[in-house]
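The values are calculated or read from the model by the stated rules, or taken from the named source; none is laboratory data. Keep in mind the model is a prediction, meaning the values are calculated, not measured. In this analysis, Cβ positions are derived from the backbone assuming ideal geometry, glycine residues included, and neighbour counts consider all displayed protein chains.
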Amino acid sequence: MYNVTAPQLQPRLAERSHRVSQTIPTVRANLGALRDDELLALVARHDEGALGVIYDRYSGLVYTIALRITGDRQTAEEVMQDVFQGVWQTAGSYQAGRGACAAWLIGIARHRAIDATRSRRERARAREQTIEQGAVLETAGGTDPELSDLDVREAVRAALDALPPAQRQAVELAYYGGLTRVEIAERLGEPIGTVKTRLRLGLLKLRDLLRPLAE
Amino acid sequence: MQPEPSDEITDLLVAYALGVLEAEEMQRIGRLLDERPELRPSLAELQATAGLLPYGLPLAAPPADLRQRTLDHAVGRAPRAPSAGAANAGRRLRGWLYALGGLAAAALAALAFTLAGLGSARAELAATRERLAQVEQQLALAEGQLAAVLTEQSQLAQAVVGADSVSALEGAGGLATALQSADGEVVIAARLPPLAADQVYQLWVIAGQSAPVSGGTFTVDSEGYGVIALGPGAAPSGVTLAVTAEPAPGSPGPTTPILVSGQLS
């Protein structure tokens with residue numbers, strides 16, 4: 001047991017405070033200069049500062065996806081917390097690839113958000129798909145690192161605007177709704193063949209329009 | 001560039017890339033990719049295209065306070081925190097209370113935040129109780145915390161209304177206010193960093209050169225606010241109050257540096 005008084009502890013407290021205040025800005029500045037894959041390597045070693053920088057870089061994108069899929073701010077916030085918990089726990093399994101961190105996070109965010117909006121029975125199926133698709137998502141390329149986020153956003157919006165409305169609706173229902181093609185057909189009151197065609201034509205056209213963005 | 005596969009195969013690849021395949025089709029595409037590895041680049045390209053779709057959404061900004069809650073949850077420092085909606089209600093109340101001015105208002109604001117956080121946690125637990133049996137245990141815990149806070153509310157309200165003197169507890173680790181009523185009861189409202197799951201904050205009463213005596217333990221809510229009360233006579237004027245973070249359920253004496261301290265006027 002310590003037998004000390006508060007005044008005796010004050011110098012220790014002041015020294016510790018000074019040391020921390022001197023160190024934190026330097027460490028933070030250095031972390032901010034690291035690439036995504038370097039940060040994730042640090043996160044895999046449970047460096048919370050590195051996780052904070054990943055959050056600062058991608059929280060807007062992850063939150064946007066979560067909000068679009070769940071349609072509810074409270075659920076979107078819960079998804080955010082789960083996504084970054086997932087990053088903290090699985091960063092070691094991330095396979096570095098240029099620009100792929102965003103794709104990796106988008107995959108996690110989308111599946112967590114869809115999972116949060118489904119019934120328990122459907123969740124089991126979603127988890128199976130998450131496991132199946134995880135490996136492919138990690139190797140899927142990202143965008144050209146020379147392009148700014150703004151360039152990418154403008155190009156994607158223009159490509160989506162170029163789609164016929166029915167194709168765009170089908171693609172967005174599939175991607176954000178987490179529905180199977182049969183469920184999309186039921187939702188739209190269209191034959192399954194029509195839905196398949198709209199999805200195929202829509203995604204192929206987007207691929208062609210967005211090919212310049214790929215690495 | 002590879003020639004375009006047939007429509008039927010492309011349909012499968014597109015559905016896989018968009019994550020809309022039925023379970024039985026998952027097996028089919030697995031076999032297909034094994035038999036025709038030349039399809040993998042086409043699939044990867046479609047997946048990369050699908051992965052760009054979120055960039056077409058209007059960018060939504062997460063609430064500023066979500067960063068700390070997310071990091072706390074991610075590293076296991078705190079359970080998933082209440083939503084911003086509930087916290088916003090607490091924030092509005094806190095603004096109103098600060099408008100009253102003075103340290104007493106700050107102390108009441110701390111209580112408002114505590115209640116807002118626990119109220120939301122309780123509502124969340126009630127909603128999930130139907131789905132998860134394990135939530136029963138969490139609910140019991142939350143209800144216990146709520147009861148404790150309601151007791152603290154009573155103590156705090158009484159102390160604020162009848163506060164005879166107010167003392168500040170200061171330090172690099174946070175801030176706290178001690179409100180002393182005319183009959184000697186002391187209520188301390190503190191704002192401190194989040195605790196690890198196996199830690200509590202412990203209040204120490206130090207009279208002159210005597211060894212610190214524990215005044216009890218407390219925790220803080222997701223915003224860092226916590227409240228603890230001392231009965232009449234437990235902390236007479238002139239003693240030093242100090243707070244340290246200790247391993248739960250508390251220590252016989254301080255084992256970590258003092259976070260905030262101050263002398264009762």
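Quick rundown of the values:
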read-out: Enumeration of residues in the stretch A:157-173 that are within 9 Å of another protein chain (Cβ to nearest Cβ) and outside any helix (DSSP H, G or I); value: none
read-out: Selection within the stretch A:26-70 - under 15 Å from A:ARG110 (Cβ atoms) and touching a residue at least 40 places away in the same chain (Cβ under 8 Å); value: A:TYR58, A:LEU61, A:VAL62, A:ILE65, A:ALA66, A:ARG68, A:ILE69, A:THR70
read-out: Verdict on A:ARG98 being touching a Pro at 6+ places or on another chain (Cβ under 7 Å), modelled with pLDDT under 90 and either surrounded by fewer than 21 Cβ atoms within 10 Å (Cβ to Cβ) or assigned by TED's automatic domain parsing to the domain that holds A:ASP149 (or both); value: yes
read-out: Only one of A:LEU160, A:LEU188, A:LEU210 that is closer than 19 Å to B:LEU21 by Cβ, of a type outside the set (D, E, K, R) and either at pLDDT 90 or above or out of contact with any Pro (no Cβ under 8 Å at 6 or more places or on another chain) (or both); value: A:LEU188
read-out: Residue selected from the stretch A:78-91 under the condition crowded, with 19+ Cβ neighbours inside 10 Å and free of Cβ contacts under 8 Å to residues at least 12 places away in the same chain, by the criterion farthest from B:GLN68 (Cα to Cα); value: A:GLN85
read-out: Test set (1) under 30 Å from B:HIS73 (Cβ atoms); (2) in contact with a Leu (Cβ under 9 Å, 6 or more places away or on another chain); (3) within 13 Å of chain A (Cβ to nearest Cβ) - B:THR255 fails condition number; value: (2)
read-out: Residue match in the stretch B:177-185 (condition: under 28 Å from A:GLN81 (Cβ atoms) and either at pLDDT 80 or above or not in a strand (DSSP E or B) (or both)); value: no
read-out: Test for B:VAL243: is it in contact (Cβ under 8 Å) with a residue 24 or more places away in the chain and farther than 26 Å from B:ARG67 by Cα; value: yes
read-out: Subset of the stretch A:157-189 (residues that are hydroxyl-bearing (Ser, Thr, Tyr) and closer than 19 Å to A:LEU210 by Cβ); value: A:TYR175, A:TYR176
read-out: Some residue of the stretch B:56-68 being touching a Ser or Thr at 6+ places or on another chain (Cβ under 8 Å), of a type in the set (Lys, Arg), facing chain A (nearest Cβ under 7 Å) and in contact (Cβ under 8 Å) with a residue 12 or more places away in the chain; value: no
read-out: 1 or more residues basic (Lys, Arg) and modelled with pLDDT of 90 or more: qualifying helices (runs of 4 or more DSSP H) within the stretch B:1-104; value: B:40-52, B:66-74
